[in-house]
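Comments concern the structure below.
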Amino acid sequence: KCSASSRMVDDDVPRTFRALVESADRKFARVRDAPAYGRGPNRYFHKVFKAYMRLWKYQQENRATLVEAGLQRWEIGEIASRIGQLYFGQYTRTSEARFLLESYIFYEAIFNRGYFEGSKDRGVRFKELRFYARFLLVALMLNRWEMVKVLVERFKALVDDSRANFRETNFKEWKQVVQEIIRFMKVDAAFVNNRTLRYCSSLDSYPASLPHVARFHAKKVLKFRDALLTSYHRNEVKYAELTLDTFRMLQCLEWEPSGSFYQKHQTESRENGASSDYSGTSGLIDINLVADMTDPTLPANPRKVILHRPSVTQLIAVIATICEELPPDSVMLIYLSASGKTGHSNLSQSESSGSSKKSSKLNVLPRTFPEQNNSRPGVHVNGKGESDLHFENSLWLGPSRSGGSNCLYPGDIIPFTRKPLFLIIDSDNSHAFKAGFSHMFTAFQVLHGAERGETAALLLSPLRPTFKRQSDIDETRIHSQFTLFLTAPLQAFCQMVGLTCSDTDVDVYDDADNIISTAFSGWEMILCSSTSLDLVWAQVLSDPFLRRLILRFIFCRAVLAHYCPREDSDQHVPFCLPELPNSMSTNSEAVQSAIIRLAGHLKVADYFHFDGS
């Protein structure tokens, strides 16, 4: 009887386990398809998470029985991978760093223990490929560059092995994913240095100006709570749906945690590519480890939504949702990076891979540029006598030039100015948002001056990039100079004048960084004490992220104004609305002296023109 009773118990364990797996999977399918934006409480996430935690605990407590009943290592890996996905999904909805860290912990444990390795089953191989792709994205967003390099090599080898051993299956899409991450790393490697893109209190807050910032108080103070980051360009460098520009902007709007995770986190050893021994199907993962890796003293990150190649209607719908749920006395940042009248072009299938299953293979239109010194968009008339001037004053969010359905007009943003907006327009047609003009009997509505309640803060990119080397101009087709200035100003400066990391030793580079930090500290004091600072800027100056963007914009504008020919300034210099105080103009003593000092230190002063020089 005891033996029969024991067998019944042993049969109940795998049966209960399978029921828990099926229940958790059903719940996971529902939460996976939930939109990654909106402030509404995501109660279902907790139900799904609870289901997987129960499943995880059950397999730990009954591991020996389950292994005897046929439990495979990859099945434990699949459960851990789902938990990692849940954590990452919650990070994308909340921007809380702890969820990203938790995701990394689970993925790293799966990798180090080789849960998916060794299986000859094609279905398990696809699970392993998806695991690598997801782990790469998490490691990339955490700047775990050494791990990223290891993962890329293993991922590439796995794809090659899959093509060799599963010849009846097409792995072309996986090969494209490998090419995406390799290209992403190759382009970004030129800009990797010791300084994080995230906001670091020890690097981005300045002791000399800190008292001025602390005392500064405008008539109205807004809190930066939400951001929408989107891009739509031909031939963008991207991995998954994260383009290089949105990746930089995403990190620029987050706090740099100072926990032990970011200080030389040691991974479990893997010698000669072999994983360490974890006693069979061990499913022990320390899910509380993240408590030692987060910094409780840091404020919450602003919530961020990333849209990759959205349609115009999708973009407007998401902006509407975020604005509707924006808390009182809060400001929303919108980052729009897209081609305008000079950059519309069709996308080939390979260029749009991963963005939409509905894309079709189209011919690529040649890229054209506006004539020099022509700040007013040109007027083109077709054979029917119709002007396309209306379309020229827009950003293009579509694979082809097919009329207004793919155009985002400045007027499309106006309804949302009932709430405070901080807009960054990075486009070769950014000046469409600058000012209106009339042609014959047609007037064109623009954003600035037409707001419905709150004057929007606008940072507008140059129409053209500025570089010393032609090869760097070619680089701007895959990433933006203006965005680089806003996220990594010294790197942008060096690229503009043709300097590389190999040209500049560490001490010289660090001193150059100190020159910029000293300048920013002084500019903070000037802005905080200015009596002519527009309320639009004053009400966001207390926010560290937005204040840093304003300072970097001032730096970018001054550098480009003193570098490019004066007669081409309309094309090559960024613009802001409302205007900043004259004390922060490109020719002011405080601003110009900092650029002179930096250019002299890097021995590139001859490339610039300054008043009085």
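The values are calculated or read from the model by the stated rules, or taken from the named source; none is laboratory data. This is a predicted model, so every value here is computed, not measured. Counting neighbours? That spans all protein chains shown, and the Cβs are built from the backbone with ideal geometry, glycine included. The area values use the complete protein model at the heavy-atom level, side chains included, leaving out ligands, DNA and RNA. Shrake-Rupley method; radii C 1.70, N 1.55, O 1.52, S 1.80 Å.
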Exercise. For the range 385-400, state whether one or more residues are in a helix (DSSP H, G or I), among the aromatic types (Phe, Trp, Tyr) and at pLDDT below 90.
Key: yes
Quiz item: Quick one: would you say Ser593 is touching a helix residue (DSSP H, G or I) at 6+ places or on another chain (Cβ under 9 Å), open to solvent by 30 Å² or more (accessible area, probe 1.4 Å) and not charged (D, E, K, R)?
Solution: yes
Quiz item: Assuming Tyr37 fulfils every condition listed in (1) out of contact with any strand residue (DSSP E or B) (no Cβ under 6 Å at 6 or more places or on another chain); (2) open to solvent by 40 Å² or more (accessible area, probe 1.4 Å) apart from one, which condition is it?
Solution: (1)
Quiz item: Out of the range 555-590, which residues are surrounded by fewer than 20 Cβ atoms within 10 Å (Cβ to Cβ), without any contact (Cβ under 8 Å) to a residue 60 or more places away in the chain and of a type in the set (D, E, K, R)?
Solution: Arg566, Glu579, Glu589
Quiz item: Among the residues of the range 30-41, is any in a helix (DSSP H, G or I) and at pLDDT 85 or above?
Solution: no
Quiz item: Of the residues that make up the range 323-336, is at least one among the β-branched types (Val, Ile, Thr), modelled with pLDDT of 85 or more and surrounded by 18 or more Cβ atoms within 10 Å (Cβ to Cβ)?
Solution: yes
Quiz item: Out of the residues in the range 110-124 that are surrounded by fewer than 22 Cβ atoms within 10 Å (Cβ to Cβ), assigned to a helix (DSSP H, G or I) and touching a residue at least 24 places away in the same chain (Cβ under 8 Å), which is farthest from the chain's Cα centre (by Cα)?
Solution: Arg122
Quiz item: Are any of the residues in the range 163-172 of a type in the set (Lys, Arg), at pLDDT below 85 and more than 17 Å from Ala139 (Cβ to Cβ)?
Solution: no
Quiz item: Within the range 569-589, is there a residue that is over 21 Å from Ala457 (Cβ atoms), outside any loop (DSSP other than H, G, I, E, B) and at pLDDT 95 or above?
Solution: yes
Quiz item: For residues in the range 295-319 being in contact (Cβ under 8 Å) with a residue 12 or more places away in the chain and assigned to a helix (DSSP H, G or I), which is surrounded by the fewest Cβ atoms within 10 Å (Cβ to Cβ)?
Solution: Ile316
Exercise. Return a yes/no flag: does the range 98-105 have any residue that is within 25 Å of the chain's Cα centre (by Cα), closer than 26 Å to Asp188 by Cβ, among the aromatic types (Phe, Trp, Tyr) and buried (at least 16 other Cβ atoms within 10 Å of the Cβ).
Key: yes
Exercise. Take the range 153-170 and flag every residue that is under 28 Å from the mean Cα position of the chain (by Cα) and either open to solvent by less than 40 Å² (accessible area, probe 1.4 Å) or free of Cβ contacts under 8 Å to residues at least 40 places away in the same chain (or both).
Key: Glu153, Phe155, Lys156, Ala157, Leu158, Val159
